[in-house]
Amino acid sequence: MARHITCGKLFTGLGDGAETGQTIVMEGNTLRYVGPSAGAPKPAPGDEVTNHSDHFVMPGLIDMHVHLSYGNAKSEEDIDLYAPLEFRALRGLEAAQRVLAAGFTTMADPTTTGHVSLAIRDAIDAGLFPGPRISSSGRQITNRQGLSDWYPSWIGVPDTSIGVLCRDAAEGIAEIRLQVKDGVDFIKIAIDGDSMNPTTDVLVAGYDQDEMTAMVREAHRLGKKVVVHARGAEGVLYSARAKADVIFHAAWMDDDGLEAVIKNGCALCPSLSLVVNDIDFTRPGDGCYPSFPDAHQRELDCARKSLPIAREAGVKFMLGTDSGFAVTPYGEWHARELEHYVKYLGFSTAEALKCATVNNSEFVRENGQVGALKAGKLADILVIDGDPLADISVLQDRSRIREIVQNGETVKLDINTHARRLRTEFSYDMWSDVYTQERIADIGMVGSQAQRAAE
């Protein structure tokens, strides 16, 4: 039995515009016909016919940068330490379903604690639970000055961290071989973090060129693609020269880095949602205020200069959101990344949509079988009330989602809106200030709350 869908406007992901008078025919989990309604096969007895002639039909979206194990973390400690891995897996499954409910039928998780995202991937693949298609790395490979080496040296990097400390290429290669054995879909390396060179005030790479080249070469030899967290110019340069497949962030990329990116065919995934949401949403009462939003404003300013040059040079861009932090909660802001590409990087709406569909499809496990609507591809479809090509922000309004089709089946999810956050999931937040007499006087708290309540 086939299903026939008439489309108001159809964006296939393969062109720059949307066509009218189009029909999709799918059978099982596969698209059998995508094209003009006049040439479409006639419905046979028993076939299902769906009228979406008032709606915009497009491929299911893909998010390249979701961290399912983080749990909408408020701190680095929340990411690494508190909830046990078993709980993280169960919590992460619910997070994955939120991603799917936002219209993202496929996602990638570049960095997980333990095997959390791999377990969620496998549970969904086995048909135990509904959820997006997932490609996942293991723990990110990092070094001193790299992301995840954020605890004092007398604590070290705990086994439950999202990162594994590999102090040279040999240790990194050994970790890559272990992760490949454990079934990862790709390798994640965090070449830089927050460490600045005090003489130059630029981010320092945690690995040198030879080390990066050796690790990327080994991952490729074992048949795995490599993504790299690299914000600074040095990290971008070393990653691109090593022929990493995707470079996340890359805001401080310089001319040498861009040249290497172009020469070696690297893709960029800026992941601006964390940056912009932090700028827009962080409040004075938050512990990271104002330093973190200020730093992200500087990063955004650099990204607006460097990344449009890369776009104009023909570099492939992918879309990812860095979801999983308290400021980028699951299912809430994924489509906002599209707006950032248009607003800050100069993409057209069609170009932004391609980043979230056909471009991303080349990296995930399905390797081009999703992300575009064409006969022979998998039937992942998003139906919207509105026209994202005219106004990209309509994709942020989940009330406009009329249907999500994944693998040929309409997605039906009952998202739990009453889930509680357990104190044991997160760091034991107690006070955001030190309440000396001077501080109490400064903020105008005369007497104690207990006294005032008694009065």
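The values are calculated or read from the model by the stated rules, or taken from the named source; none is laboratory data. Given the structure is predicted, the values throughout are model-derived calculations rather than measurements. All Cβ positions, glycine included, derive from the backbone under ideal geometry; neighbour counts span all protein chains shown.
Just so you know, in segment 29-61 the residues that are buried (at least 24 other Cβ atoms within 10 Å of the Cβ) and in contact with a Pro (Cβ under 9 Å, 6 or more places away or on another chain) include one that is nearest to D391 (Cα to Cα), and it is F56. Among the conditions (1) surrounded by fewer than 16 Cβ atoms within 10 Å (Cβ to Cβ); (2) closer than 30 Å to V383 by Cβ; (3) of a type in the set (S, T, Y), Y151 misses just one, which is (2). Among the numbered conditions (1) at pLDDT 95 or above; (2) buried (at least 19 other Cβ atoms within 10 Å of the Cβ); (3) of a type in the set (A, V, I, L, M, F, W, C); (4) under 28 Å from H229 (Cα atoms), the only one that A73 does not meet is (1).
So for segment 184-194 (the condition being surrounded by 13 or more Cβ atoms within 10 Å (Cβ to Cβ), of a type in the set (F, W, Y) and in contact with a strand residue (DSSP E or B) (Cβ under 9 Å, 6 or more places away or on another chain)), does at least one residue qualify? The answer is yes, given that some residue of segment 184-194 is surrounded by 13 or more Cβ atoms within 10 Å (Cβ to Cβ), of a type in the set (F, W, Y) and in contact with a strand residue (DSSP E or B) (Cβ under 9 Å, 6 or more places away or on another chain). A83 meets the stated requirement of being farther than 24 Å from K354 by Cα and surrounded by 16 or more Cβ atoms within 10 Å (Cβ to Cβ). Of the listed requirements (1) under 29 Å from K305 (Cβ atoms); (2) modelled with pLDDT of 95 or more, A326 misses just one: (2).
Listed here are the residues, each with its yes/no results for (1) touching a residue at least 12 places away in the same chain (Cβ under 8 Å); (2) more than 26 Å from G368 (Cβ to Cβ); (3) under 26 Å from the mean Cα position of the chain (by Cα).
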position	(1), (2), (3)
M1	yes, yes, no
C7	yes, no, no
N29	yes, no, yes
A38	yes, yes, no
A44	yes, yes, no
D47	yes, yes, no
G60	yes, no, yes
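Is it the case that P270 is touching a residue at least 60 places away in the same chain (Cβ under 8 Å) and in contact with a Leu (Cβ under 9 Å, 6 or more places away or on another chain)? Taking the combined requirement at face value, the residue satisfies it. Just one of (1) out of contact with any Asp or Glu (no Cβ under 9 Å at 6 or more places or on another chain); (2) farther than 25 Å from A169 by Cα; (3) outside any helix (DSSP H, G or I); (4) at pLDDT 95 or above fails for A251. It is (1).
Of the set (1) among the polar types (S, T, N, Q); (2) within 20 Å of E332 (Cα to Cα); (3) surrounded by 24 or more Cβ atoms within 10 Å (Cβ to Cβ), all apply to Q97 but (3).
Taking the conditions exactly as written (of a type outside the set (G, A, S), touching a helix residue (DSSP H, G or I) at 6+ places or on another chain (Cβ under 8 Å) and under 23 Å from V228 (Cα atoms)), does I279 satisfy them or not? So I279 does not fit the description; no. With respect to the conditions (1) closer than 21 Å to L147 by Cα; (2) without any contact (Cβ under 8 Å) to a residue 12 or more places away in the chain, D301 lacks only one, and its number is (1).
Scanning segment 232-247 for residues that are surrounded by fewer than 24 Cβ atoms within 10 Å (Cβ to Cβ) and in contact (Cβ under 8 Å) with a residue 60 or more places away in the chain yields one hit, D245.
For residues in segment 361-400 being in contact with a strand residue (DSSP E or B) (Cβ under 6 Å, 6 or more places away or on another chain) and over 26 Å from P36 (Cα atoms), which is surrounded by the most Cβ atoms within 10 Å (Cβ to Cβ)? The qualifying residue surrounded by the most Cβ atoms within 10 Å (Cβ to Cβ) is V364.
Each residue in segment 396-415 was checked for being under 22 Å from the mean Cα position of the chain (by Cα), at negative phi and assigned to a loop (DSSP other than H, G, I, E, B), and 4 pass.
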